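S.K.: One structure coming up, written as structure tokens, with questions to follow.
Bear in mind that the values in this text are calculations on the coordinates, not laboratory data. A quick note: this is a predicted structure, and the numbers were derived from the prediction, not measured. When we count neighbours, we look across all protein chains shown, and the Cβ atoms used for this are built from the backbone with ideal geometry, even at glycine.
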Amino acid sequence: MFLFKQRKFFLTTIVAGIILSFTTASSSNADYSKFPKFHRFPNQPLSRGRVQNIILFIGDGMGDSEITIARNYSVGAAGRLFIDTLPFTGEYTTYSIQEQNPKLPDYVTDSAASGTGWATGNKTSNGRISTTVGTDKDLKTILELAKQRGYKTGDVSTAELTDATPAVLLSHVSDRSCQGPQDMANCPQDKKSAGGPGSIAEQSIDHDVDVLLGGGKQRYDQIIDGGNYVGKTVIDAAKARGYQVVTNAAQLQMAQPASKLLGLFSPGNMSLEWAGQAAIPYPGSGPQRCIENQRPTNEPSLADMTNKAISLLKQKAGRGGFFLQVEGASIDKRDHAGNPCEQIGETVALDRAVKVALEYAKNHPDTLIVVTADHGHTSQIIPPPTASNHSPGKFSTLITADEAEMTVNYATNLPAQSQEHTGTQVRIAAQGPQGENVVGVLDQTDLFHILARAIGAE
Ligand code: MG
Ligand code: ZN
């Protein structure tokens, strides 16, 4: 049986290779000719099995170190998180390119450039949202492609919905700060009053994404300065475009699949799941146990939002199925702040959201689930500090599920400053049809092509 399966697999691969050689030339979204040194065509696909639905999880700043810290703390060193159970695992490089000299890499990406990488298959410079380096042209996103092909679409985040990660799927602006119609100082050409596509909030509505859930209500309360909805708030424009708008967990539960859904559960980023003492310079904070269950109950958890998004998208789904992105945003934000308990709580929250998708896939095995990060981050597990041997940065010691002490270090910037992203490669994991395509060492831009293949666009 095993041999037979293996032979069938090889035959499938050969046939897939032949099909691919006829289809790649005309369908690529990326402009590979411009920066040949830093781009390559994606790997030959290992699998082309039929994909009905795609659920993509992005742990912002969730490098291998952040995953290991959350695992050690919450289930112990020998335990496994749900995200550890996905059968196919690869790594991908995350560098961006320089705005002034795009032939050169920028080794440490931000979430905007990295998101443009995985969402469009193109490298760009830090700060750009799905626009080309230098020339500021729109780059087609995987969500736009999925929508064109009849998929229902959803975009979910614990950050503001207009933050870089959710934004790269449904908007095109030259700078990530251009989140609401009154936040356009860095993107004057994109303003609606200047004939542009408007802010990220406006574009999210104009894209008619079926399910939008997250924070950032402050952006949607702003007044639109041009176009069809001039003088209205973005929320009013959303209603005019047929969205039901909900602002708390109870309303989210009640939301019906009859119309598109915009859920805005906080003025800014959504509340954190856990609390604890921040890291400090030697001797560090702790030993401590994290304080769990800190999120106010009027805000839904990431798992709740994922569950509701799936249930709405599947009820609306036609033959094409759905594409859903779910971001655990504040792993990154609490890593910047050097707070291990808050960071771990957000990582565990993403893990619980992944569990929801894994449960769904049990009865819908034609669902491709991908879990990855957009870039590495600061936190490191280091040996116990002593007076003569300790990090010059800040750290905290936690008592883990093993009942052992684990010291987490933050030292990519001065202790009082925001800690920095890092340039390391990060994990990409998958399960379901075409999940095998994530194995090996990839680049972030390859994820776009893997997803584009999965929806039949490449
Ligand atoms: Mg993000
Ligand atoms: Zn960050």
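S.K.: Does segment 184-194 include one or more residues that are among the small types (G, A, S) and within 30 Å of Q52 (Cα to Cα)?
M.R.: Among the residues of segment 184-194, not one is among the small types (G, A, S) and within 30 Å of Q52 (Cα to Cα), which makes the answer no.
S.K.: Scan segment 160-218 for residues that are in a loop (DSSP other than H, G, I, E, B), among the acidic types (D, E) and within 16 Å of ligand 2 (Cβ to nearest atom) and jot them down.
M.R.: The answer is D163, D175.
S.K.: Tell me, which residue of segment 360-402 that is of a type in the set (D, E) and either over 22 Å from N437 (Cα atoms) or within 16 Å of ligand 1 (Cβ to nearest atom) (or both) is surrounded by the most Cβ atoms within 10 Å (Cβ to Cβ)?
M.R.: The extreme case among them is D374.
S.K.: Quick one: count up the residues across segment 90-138 that are surrounded by fewer than 24 Cβ atoms within 10 Å (Cβ to Cβ), part of a loop (DSSP other than H, G, I, E, B) and within 19 Å of the chain's Cα centre (by Cα).
M.R.: Total satisfying the criteria: 6.
S.K.: Of a type in the set (A, V, I, L, M) and within 16 Å of ligand 2 (Cβ to nearest atom): is that true of I399 in this structure?
M.R.: For I399, the condition - of a type in the set (A, V, I, L, M) and within 16 Å of ligand 2 (Cβ to nearest atom) - is not met.
S.K.: Further question: Could we say that K147 is assigned to a loop (DSSP other than H, G, I, E, B), away from ligand 1 (no atom under 12 Å from the Cβ) and either closer than 17 Å to A113 by Cβ or more than 17 Å from the chain's Cα centre (by Cα) (or both) here?
M.R.: Answer is no for this residue.
S.K.: Ok, one more. Tell me, please, whether a residue that is surrounded by fewer than 21 Cβ atoms within 10 Å (Cβ to Cβ) and not acidic (D, E) can be found in segment 337-350.
M.R.: Yes, segment 337-350 contains a residue that is surrounded by fewer than 21 Cβ atoms within 10 Å (Cβ to Cβ) and not acidic (D, E).
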